[in-house]
Amino acid sequence: MASFARSAARLQPAVRLATRNNVTRRTMATQTPPRAASAATAQQVSSHSSAEESLFPGEPTGPSIRTQIPGPKALEAIGKLDKTFETRSLNMMCNYQDSFGNYIADVDGNVLLDVYAQIASIPVGYSNPNLMQAAMSPQMISAIINRPAMGNFPQHDWAEILETGMLRVAPKGLNQVLTATAGSDANELAYKAAFMWKAQQRRGSYNADFSAEDIESSMNNQTPGSPNMSILSFKTGFHGRLFGSLSTTRSKPIHKLDIPAFDWPQASFPALKYPLEDHVQENAKEEQRCLEEFEHVLTTFHSPPAAIIVEPIQSEGGDNHASPAFFQGLRAITKKHDVLMIVDEVQTGVGATGKFWAHDHWNLQDPPDMVTFSKKAQAAGYYFGNPELRPNKPYRQFNTWLGDPARALLFRAIIDEIERLNLVENTASTGAYLYSGLESLAQKYPKEIQNLRGKGQGTFIAWDSPRRDEVLKKAKGEGINIGGSGAMAVRLRPMLIFQKRHADILLEGLERVMKT
C-alpha cells in the first residue's frame, strides 16, 4: 500500500491544478459568451438568491451557448461513434473534463445548466474537488486495479467501507446491505431474496432443507423447485430493463416489446388531480379505490406474490405521486397478508426529495422490508433488516462482483459532501423556492404548465406540457438541460448542490421558452 500512497501523493497536486484550471476556464467562458442573452440571465437574480453563499465556488455564473446543439464538433463525434456504438438515444455529446458544478459542457464549448443531472444520477456536481480527492486515495486505487470478486474474495476493509459509508445512511430499521452493480440488478436481487424467503416459509422454516423433488424439478424450470410465485408492481411504474425487473416495469411499451416476460400481476397507481388542495375528496377516493384493487389482486392472482415493489414517486412513468396515507395503506395490507414490501428508491433516494430517502415522508410504523438504491449513490444494492432475507445457504445470492468497492468508496465520499454542506436541507429549501416560482409561471402560462406537482418533495418537481418535446429542445437553446418522462411530463432532477440562484436561471429560461 505504500506505493499506492506515494502515487496518490504525487498526483494530488495535479488534481488540484486541473481543478483550478477548470474553474478558470468555466468562469472565463461564461463571462464572455458569444450569445450574451443566455449568460446575461444569470445576472438577473432575485435578492433572495443573490445573497446566498455558493455551495460550489468557482462554477460558471450562467449558461453559455456558442452553437446550435448538437454543434459541428458534436455532429462529427456522433457520426464517428455511431459506427461502433448505439447513438439513437443520445441526448448530448458531453465533455466532462470541462463540466463543473451544476453545469454540463459539450464538445462545441456550449455550457448548460443541468437540471436533469443526466438521468437523476449526478449528486454533488461535475468535477467535484472532494470526490476527485477520494478518487486519488490508496483505497480507491487498490479497489480499481484489484477489483475484488466480492462473494469469494472480499477485501480486508470491506466491512469498514460499508459501515462508514452506505450503512451510515441506511433507511430506518434496515441495518444490512447487499451491494449490486446497477438499479435493475439491485431490484432483481431483491426479488430473488423475496422468493427464497417465501419458499423457506412454505418449507416450514428458515433452515428447512430442499427435497429431492425441489432439486430435480428446479433444473427443468418446474414446480416445486421453480415455484409458482410473482412480484406485484404498479401500472406506469419503472423498475429496470433486465428480465425480472422488466416484467415489473409498466411505463412504456418500447422497453418491453419483443421481450419474453413473467406472468406477474399489476395494480393501479393513483391518478391524482392537481392542485391537490382543490381535489382532496376526489384524490382520497382514488387512493382508496387503488388500495382495494391492490388487495384484491394481491390475494387472488393465480401466481401468488412473494413481494410488491413500488416507487415513492413513479419517475419514468410520468412523475406520478401518491399521499403518505396511500403508502401506509400498502404497508398495512402487505403485513396483513405476509407479503414483503420493496421500495424502489433508485431515482428518489439520496436526498432528491428533501429527505435522504423519499419513503421517510410516509412516517411508516413498520419500515419496508427492502429498499433498493442506485443513481445518485453512484453505487447500487438493497438495504434490509430481517436476517432471514439472507439466503439460508451460500451461493444462492451470488455473482462474480456483487457490487464494486470503488463505487462504495465514491458513495462514501458523496455522503461526506452531503453532510458537510447540509445538502438534503438545501434541496428541501431550494425546492420550496423553485416550486413557488413555477406556481407563478403556471398562473401566467396555464396552458404551458399543467398539473404542477412535487410540492414539499424537494426539487423532485414535474408538470405536464402539451408541447413537451418542443420545450425540451428549446430549453437547450436557452442553455438548460432538462428532461421528460411519461407522455407529457417535464421533470426536474437537479443535483443536490442546486441553489436558488440556479432556480432563477431556470425560471427565466423557461419563461423565454413559454413566450415562444
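The values are calculated or read from the model by the stated rules, or taken from the named source; none is laboratory data. Computed from a prediction, not measured in an experiment: that's the story for all the values here. Neighbour counts are summed over all protein chains in view; Cβ atoms, including those assigned to glycine, are modelled from backbone coordinates with ideal geometry. Areas reflect the complete protein model, heavy atoms only, side chains present, ligands, DNA and RNA absent. Shrake-Rupley method; radii C 1.70, N 1.55, O 1.52, S 1.80 Å.
The table for this structure:
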quantity	calculated
Accessible carbon and sulfur surface of the chain relative to its total accessible area, %, 1.4 Å	54
Inter-label distance, nm, simple model (7 Å from Cα along the C-beta direction), residue 436/residue 228	5.8
Size of electric dipole in the chain: Cβ of Lys, Arg +1 and of Asp, Glu -1, about Cα centre, debye, nearest 20	1140
Normalised alpha carbon radius of gyration of the range 102-258 [divisor 2.2 N^0.38 Å]	1.41
Peptides 441-454, 54-67, 402-415 ordered by average Cβ neighbours within 10 Å, highest first	402-415, 54-67, 441-454
Gyration tensor verdict on the range 175-227 (Cα atoms; rounded if a/c is under 1.5, prolate if a/b is larger than b/c, oblate otherwise)	oblate
The range 147-419 shape via C-alpha gyration tensor axes, a/c threshold 1.5	oblate
Label selected from [x] 101, 53, 47; [y] 75, 65, 45; [z] 69, 59, 58, the criterion being Cα extents along the principal axes in Å as computed here	[y]
FRET efficiency, 1/(1 + (r/R0)^6) with R0 25 Å, evaluated for residue 172 and residue 293 via beta carbons	0.30
Förster radius 30 Å - calculated FRET efficiency between residue 393 and residue 328 (Cβ-Cβ, nearest 0.05)	0.25
C-alpha long axis of helix 405-420 to longest principal axis of the chain, angle in °	60
Pairwise label distance in nanometres, residue 235 with residue 155, each label 7 Å out on the Cα-Cβ vector	4.8
Global geometry of the range 328-426, whether rounded, prolate or oblate, following the gyration tensor of its Cα atoms and the 1.5 cut on a/c	oblate
Förster radius 25 Å - calculated FRET efficiency between residue 51 and residue 280 (Cβ-Cβ, nearest 0.05)	0.10
Residue among 171, 99, 227 farthest towards the positive dipole end of the chain, charges placed on Cβ	99
Listed peptides 462-471, 252-261, 180-189, 277-286 by packing density, highest first (mean Cβ within 10 Å)	180-189, 462-471, 277-286, 252-261
Label-to-label distance, nm, for residues given as residue 119 and residue 444 (7 Å Cα→Cβ offset)	3.4
Heavy-atom accessible area order for 132, 92, largest first, 1.4 Å probe	132, 92
Distance between the range 384-417 and the range 113-146 - C-alpha centres, whole angstrom	19
Fully extended contour minus Cα-Cα distance, from residue 209 to residue 88, at 0.36 nm per residue	38.6 nm
Average accessible area per residue (Å²) across the chain - probe 1.4 Å, nucleic acids and ligands excluded	45
For the chain, calculated [θ]222 nm from helices alone, where every DSSP H run of n ≥ 4 adds -39500 (n - 2.57)	-13000 deg cm²/dmol
